[in-house]
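Taking it in order: structure first as structure tokens, then the write-up.
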Amino acid sequence: MRDFPPIVGPVLLLLALPGCGGGVTATVDSVKAAEAKWKAAGLRNYDLEWANSGMGTGHYRVFVRNGEVKAIYSVLPGGREVVAKPGAPRMYSVDGLFTTIKDEIAQLDQPSPFGQPKGTTAILKFTPDPDLGYPKGYRRDVLGTPKGVSIDVLKLDRDPPPAVPPPAADPASR
């Protein structure tokens, strides 16, 4: 059997981590470039559907008009929607997703990043949309802990109707 350098084991482990495949490393510069592309696109009216999992889970439909979040619906299992009234609605928009990723990057410089000792390996990756720059997906894995997070944009409608639709009572009403 062939002997491999000591680095091969950790590298193979990193490649095997769930949720880490694909995308680019989330750095200040990579996120800034994607965010600049998003801002240059100038989308002030859009409907966004995204889901997250990890320490918490959720599925949301977000309606942005004239650059402001006008409504957020939480999508329940089975497809029924309820109006969500979070304290910071803008955090549910594309700009909010960028803020979340930037806040996560800033954690790496903290004394206890993600609640772990300094020096703990955390892998942050995101997939920017090639045309508009918005984050289509984001993954954070902290080695040796169950502190993974994922955010997936399921849909972005860049030409929505002017009026925000009512919440769906069931999946057939969408």
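The values are calculated or read from the model by the stated rules, or taken from the named source; none is laboratory data. What you see is a predicted model; the values in this text were computed from it and never measured. Quick reminder, even Gly has a Cβ in these numbers, built from the backbone with ideal geometry, and neighbours come from all protein chains shown. Protein only, heavy atoms only, side chains kept; ligands, DNA and RNA dropped before computing areas. Shrake-Rupley method; radii C 1.70, N 1.55, O 1.52, S 1.80 Å.
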The lone exception for residue 7 - which of (1) surrounded by 10 or more Cβ atoms within 10 Å (Cβ to Cβ); (2) at pLDDT below 50; (3) among the hydrophobic types (A, V, I, L, M, F, W, C) it fails: (1)
Answer residue from the range 105-123, given it is touching a Pro at 6+ places or on another chain (Cβ under 8 Å) and not in a strand (DSSP E or B) and is surrounded by the fewest Cβ atoms within 10 Å (Cβ to Cβ) among those: 118
Residue ID - most open to solvent (accessible area, probe 1.4 Å), chosen from residues in the range 83-99 that are within 19 Å of residue 139 (Cβ to Cβ) and touching a helix residue (DSSP H, G or I) at 6+ places or on another chain (Cβ under 7 Å): 91
Scan of the range 73-100 for residues that are in contact with a Pro (Cβ under 6 Å, 6 or more places away or on another chain) and under 16 Å from residue 153 (Cβ atoms), ordered by number: 73, 97
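Each row is one residue, and each column tells you yes or no for (1) closer than 23 Å to residue 43 by Cβ; (2) open to solvent by less than 60 Å² (accessible area, probe 1.4 Å); (3) of a type in the set (A, V, I, L, M); (4) in contact with a helix residue (DSSP H, G or I) (Cβ under 8 Å, 6 or more places away or on another chain).
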site	(1), (2), (3), (4)
125	no, yes, no, no
132	yes, yes, yes, yes
138	yes, yes, no, yes
145	no, yes, no, yes
151	yes, yes, yes, yes
154	yes, no, yes, no
159	yes, no, no, no
165	yes, yes, no, no
169	no, no, yes, no
Search result, residues across the range 129-161 that are in a strand (DSSP E or B), more than 9 Å from the chain's Cα centre (by Cα) and of a type in the set (Lys, Arg): 140, 155
Every pair of residues 6+ apart whose Cβ atoms lie under 6 Å, when the first sits in the range 70-82 and is buried (at least 21 other Cβ atoms within 10 Å of the Cβ) while the second is among the charged types (D, E, K, R): 73/61; 73/81; 75/81
Residue 102 being open to solvent by 70 Å² or more (accessible area, probe 1.4 Å), in contact with a helix residue (DSSP H, G or I) (Cβ under 9 Å, 6 or more places away or on another chain), farther than 17 Å from residue 54 by Cα and modelled with pLDDT of 95 or more: yes
Cβ-Cβ under 7 Å pairs, at least 6 apart or on other chains, the range 162-174 side within 16 Å of residue 69 (Cβ to Cβ), far side modelled with pLDDT of 60 or more and outside any loop (DSSP other than H, G, I, E, B): 164/63; 164/70; 164/71; 167/73; 167/81; 167/82; 167/83
